[in-house]
Amino acid sequence: MSEVPGRATLPDQPPVCPRHPGRVSYVRCQRCGRPACPECQRPAAVGVHCVDCVRDAARAVPPTRTALGGRVRGGRPVVTLTIIGLCVAMFIAQWVVPDWTARWAFSPAAGQVEPVRFLSAAFLHSRGTIFHILFNMYALWLVGPYLEATLGRWRFAALYLLSAVGGSVGVLLFASPVVTATDLAWVTPVVGASGAVFGLFGAVLVVLRRLGRDARQILVLIAINAVIGFVVPGIAWQAHFGGLVAGLVLGAAYAYAPRERRQVVAVAATAGMAVLVVVLALAKYASL
């Protein structure tokens, strides 16, 4: 080998990890051939792969789906826990922030001026008894993770939120705008996640039947709570009814949509339900 007079020959540089240039590594990825330090190595069937190749391979693999199209995910039910966290945070705010309940509670009169109350009331609960929020959160935890896993996160979130609004619309539709000494429904504040929870009950009933599973327990649960709503004073059975109907309709659309058109049907059903509750509320107010 010829050399240039007066210039020293540089030795070959040792291989270094592309992600950590300061680390020398003689172990190479079996897919791309680049050096990989111990932190960037992932065991493979033969040799090791680098983290970049593992990530690219994961992106190329189609996600695993449930029988109803929900994406199979590991870990906790994020949407369910978020809803529970919001309800708990709002309940704490009801105790520490003056007039917080009055600011966000729903009544037909208040909803006409501030439509956000159709939804915000579902995250509030009665301060008169701790059992109100405890029962609703327990019921949400019973059916929420199952529906979230089966339907997927976005459909479950849409189901919950539209059932909550459907509950408020139910209160509105059954309320008389004429306020009397015995009928104060038009101005009486309504709070609670019960409408949304009943929507989940309705959806899980449809989902269980669609998957060929025993739905008798959820039927009994719906029946018991329906009776309680009529017998125990102070419970807005109208919200239960409105949420249940919304949940049944959306649950049926999500569960029985053809596999090849599942996404299109889900989007159309969600948008359709959103339009329906708005139209019903506007029609009620327009009739005054």
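Hey, can you rank 214-224, 168-178 by average C-beta count inside 10 Å, highest first?
Values: 214-224: 13.2, 168-178: 20.7.
Highest mean packing first, the order is 168-178, 214-224.
Students often check this: by mean Cβ neighbours within 10 Å, which of 158-164, 118-124 ranks highest, and how do the rest follow? Write out the running numbers ahead of the final one.
Details: 158-164: 26.3, 118-124: 24.0.
So the peptides 158-164, 118-124, ranked by packing, come out 158-164, 118-124.
Kindly express, to the nearest 10 degrees and within the range 0 to 90, the angle between helix 130-151's C-alpha long axis and the longest C-alpha principal axis of the chain.
With rounding to tens, the tilt is 50 degrees.
With r defined as the distance between the Cβ atoms of VAL265 and SER176 and R0 fixed at 35 Å, what FRET efficiency is calculated, to the nearest 0.05?
Values: r = 37 Å, r/R0 = 1.06.
Efficiency at R0 = 35 Å is approximately 0.40.
For segment 201-288, rounded, prolate or oblate, judged on the Cα gyration tensor with a ≥ b ≥ c (square roots of eigenvalues), a/c < 1.5 rounded, else prolate if a/b > b/c? The partial results should precede the final answer.
Values: a/c = 4.86, a/b = 1.10, b/c = 4.42.
In terms of gyration-tensor shape, oblate.
For every other residue with a beta carbon closer than 15 angstrom to the beta carbon of SER107, add +1 if it is Lys or Arg and -1 if Asp or Glu, then tell me the sum. It would help to have the intermediate numbers written out before the result.
Details: positive: ARG103, ARG117, LYS284; negative: ASP99, GLU114, ASP183.
Its environment carries a net charge of 0.
How much net charge surrounds SER120 when only other residues with a Cβ under 11 Å from its Cβ are counted (Lys, Arg +1; Asp, Glu -1)? Don't skip to the end; give the middle numbers.
Details: positive: ARG103, ARG117; negative: GLU114.
Combined, the nearby Lys, Arg, Asp and Glu give +1.
Please work out how much length the chain gains when fully extended from VAL279 to VAL97, using 0.36 nm per residue of separation minus the C-alpha to C-alpha distance, in nm with one decimal.
Values: separation 182, 0.36 × 182 = 65.52 nm, distance 3.37 nm.
Stretched fully, the VAL279-VAL97 segment lengthens by 62.2 nm.
Net charge near VAL79: determine it from the other residues with C-beta under 15 Å of the C-beta of VAL79, scoring Lys and Arg +1 and Asp and Glu -1. Could you put the intermediate results ahead of the total?
Values: positive: ARG71, ARG73, ARG76, ARG153, ARG155; negative: GLU148.
Net charge in that neighbourhood comes out at +4.
In Å³ and rounded to a whole number, note down the convex hull volume per residue for the Cα atoms of the chain.
On the way: hull volume 68.4 nm³, N = 288.
Here the figure is 238 Å³ per residue.
Sort the following peptides by mean Cβ neighbour count (other Cβ atoms within 10 Å, averaged over residues), highest first: 21-27, 266-272.
On the way: 21-27: 12.4, 266-272: 16.0.
So the peptides 21-27, 266-272, ranked by packing, come out 266-272, 21-27.
Under 8 Å for C-alpha pairs, at least 6 residues apart: give me the relative contact order for the chain, rounded to a whole percent.
Numbers: 409 pairs, mean separation 46.4, N = 288.
Taking the mean separation of contacting Cα pairs over the length of the chain, I get 16 percent.
With just the Cα atoms of segment 26-71, tell me how far they stretch along each of the three principal axes, in Å, largest first.
Cα spread of segment 26-71 along its principal axes, largest to smallest: 47, 16, 15 Å.
Once both axes come from the Cα atoms, what is the angle between helix 216-231 and the longest principal axis of the chain, in degrees from 0 to 90, rounded to 10?
40 degrees
Computed FRET efficiency, Cβ-Cβ of ALA67 and ALA223, R0 25 Å: what is it to the nearest 0.05?
Numbers: r = 27 Å, r/R0 = 1.07.
Given R0 = 25 Å and the Cβ-Cβ separation, E is 0.40.
Once both axes come from the Cα atoms, what is the angle between helix 194-210 and the longest principal axis of the chain, in degrees from 0 to 90, rounded to 10?
Value to nearest ten degrees: 70.
Relative contact order (percent) for segment 35-149, with alpha-carbon contacts under 8 angstrom and 6 or more residues of separation?
Values: 74 pairs, mean separation 28.0, N = 115.
RCO, segment 35-149: 24 percent.
Taken together, the values in this text are just the output of simple stated rules run on the coordinates, not laboratory data. Everything quoted here is computed from the prediction, not taken from an experiment. Positions of Cβ are backbone-derived with ideal geometry, glycine not excepted, and every protein chain shown enters the neighbour counts.
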